[in-house]
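Read through the structure below, which is laid out as structure tokens, and then see the notes.
The values are calculated or read from the model by the stated rules, or taken from the named source; none is laboratory data. Quantities reported herein were computed from a predicted structural model and do not represent experimental measurements. Please note: Cβ atoms are built from the backbone with ideal geometry, for glycine as well, and neighbour counts cover all protein chains shown. Side chains are part of the model used for accessible areas, which takes the heavy atoms of the whole protein and leaves out ligands, DNA and RNA. Shrake-Rupley method; radii C 1.70, N 1.55, O 1.52, S 1.80 Å.
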Protein chains: 2
Amino acid sequence: MTSTSSRHDEATPEADAEPRWLTPAQQVHWRAYLLGSARLNEALTRQLEAEAGLSLSEYEILVRLSEVPGRTVRMSELADALVFSRSRLTHTVTRLERRGLVERRTCSADGRGVNCVMTDEGFDLLRDAAPGHVRAVRAHLLDLLTDEQFAVLGEAMAAVVRGPAGIEGDCKGQPSA
Amino acid sequence: MTSTSSRHDEATPEADAEPRWLTPAQQVHWRAYLLGSARLNEALTRQLEAEAGLSLSEYEILVRLSEVPGRTVRMSELADALVFSRSRLTHTVTRLERRGLVERRTCSADGRGVNCVMTDEGFDLLRDAAPGHVRAVRAHLLDLLTDEQFAVLGEAMAAVVRGPAGIEGDCKGQPSA
DNA sequence: ACACGTTGCTTGAGCGTTCAACCACACGGC
DNA sequence: GCCGTGTGGTTGAACGCTCAAGCAACGTGT
């Protein structure tokens, strides 16, 4: 998928300074990445859904909230930290709020701002959900890799996060938008 | 996100043979993975959408079709190869068909089967779309990594695809379902 | 004090994926 | 021949995300 190769249009004559296709080896790795990341995502999503009734996004929000004193974070900060669009965060928090895991509180000191506060229920749910999630991460990723491999993977993805060197259009902050 | 750490519940007394949390280093890598894969996906999705009006799923289907003689693949094979649910494939192919990029043809030799055939239009579109996609893959992934790193990444993800050693519940075939 | 642009968040429509039925054909036993 | 089971594929509702529009409060200039 998402290829990159072509049996129809081999290496083009134009100087191969900017190669049009991937080498076979690159293709194999690229496809492995696509497949693997899809599978991993799916496995974690299912596990969380089954054991805690949470989506990954919801889980990430709860985790973030649990990490700060007061379990309170402003919507915009939350969105930036998780690299969610504001709209996405609004929708997801609305769902969490309906379930009583989180509360909205208008921000003193800035009438526009909204603070997202984790309730005790939310905290308890996260506490119960976390071990299973960690187990899943281990089972589907960590335990399958050597420490070496995992470290390289982490560094590689960190490079991806940093993004292409000179870009202006789609670098950081809001998911490009 | 998706943590794995806890400032509230340190190492539990129970033999730490099965550690409950990730080490700080592991956390860093894990978060990098989550962020990076999200970003990469987004970048590629946007690029394809903008330049060819295709989603990644649609693109993958076209690629697969373009790779076989006759540009014809049975729905179920397509689903297995791409690791799409059957339903997802049906919907996506329906959209592609409406745009004239693909045709459905009932399968001789098995009345239930349906063959998915790429039209010339579909092929032309893919041909036009591919270079831009490859460029994006390079810009957002390949060019940011050393060959070493990319190779390790590929192998690591291949291990993920293979999955946990002894599982019966959710290994291959249909996305677990 | 007031208009203006900006920032923070929400809203609703549209789209793609999932899930749970569901139909249609194939293959086996009888 | 005819049921029953299994397989291939489709359908429609629910759900989550995106996008574009909207509203409300801040801040600045005049």
| Conditions (1) assigned to a loop (DSSP other than H, G, I, E, B); (2) within 11 Å of DNA strand C (Cβ to nearest atom): number failed by residue A:88 | (1)
| field | Index of the failed condition, residue A:103 passing every other in (1) within 9 Å of DNA strand D (Cβ to nearest atom); (2) away from chain B (no Cβ under 12 Å) | value | (1)
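Could we say that residue B:28 is within 12 Å of chain A (Cβ to nearest Cβ) and either outside any helix (DSSP H, G or I) or on the phi < 0 side of the Ramachandran plot (or both) here?
Values: within 12 Å of chain A (Cβ to nearest Cβ): yes; either outside any helix (DSSP H, G or I) or on the phi < 0 side of the Ramachandran plot (or both): yes.
Considered against the rule, which asks whether it is within 12 Å of chain A (Cβ to nearest Cβ) and either outside any helix (DSSP H, G or I) or on the phi < 0 side of the Ramachandran plot (or both), residue B:28 comes out as yes.
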| Within the stretch A:118-167, tally of residues that are among the polar types (S, T, N, Q) and within 7 Å of chain B (Cβ to nearest Cβ) | 1
| request: Among the numbered conditions (1) over 20 Å from residue A:44 (Cα atoms); (2) more than 10 Å from DNA strand D (Cβ to nearest atom); (3) open to solvent by less than 40 Å² (accessible area, probe 1.4 Å), tell me where residue A:110 comes up short. | output: (2)
| note | Scanning the stretch B:70-85 for residues that are within 14 Å of chain A (Cβ to nearest Cβ) and more than 8 Å from DNA strand C (Cβ to nearest atom) gives B:70, B:71, B:73, B:77, B:78, B:79, B:80, B:81, B:82, B:83
| task | Kindly provide the set of residues from the stretch B:41-78 that are among the hydrophobic types (A, V, I, L, M, F, W, C) and away from DNA strand D (no atom under 13 Å from the Cβ), ordered by number. | result | B:52, B:54, B:62, B:63, B:65, B:68
| task | Give the number of residues within the stretch A:44-68 that are at the interface with chain B (Cβ under 7 Å from one of its Cβ atoms) and surrounded by 22 or more Cβ atoms within 10 Å (Cβ to Cβ). | result | 2
| request: Tell me which residues, restricted to the stretch B:118-145, are in a loop (DSSP other than H, G, I, E, B) and over 21 Å from residue A:35 (Cα atoms). | output: B:119
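Do we find that residue A:120 is modelled with pLDDT of 95 or more and open to solvent by 40 Å² or more (accessible area, probe 1.4 Å) in this structure? It would help to see each step written out before you state the result.
Values: modelled with pLDDT of 95 or more: yes; open to solvent by 40 Å² or more (accessible area, probe 1.4 Å): yes.
Spelling it out, residue A:120 is indeed modelled with pLDDT of 95 or more and open to solvent by 40 Å² or more (accessible area, probe 1.4 Å).
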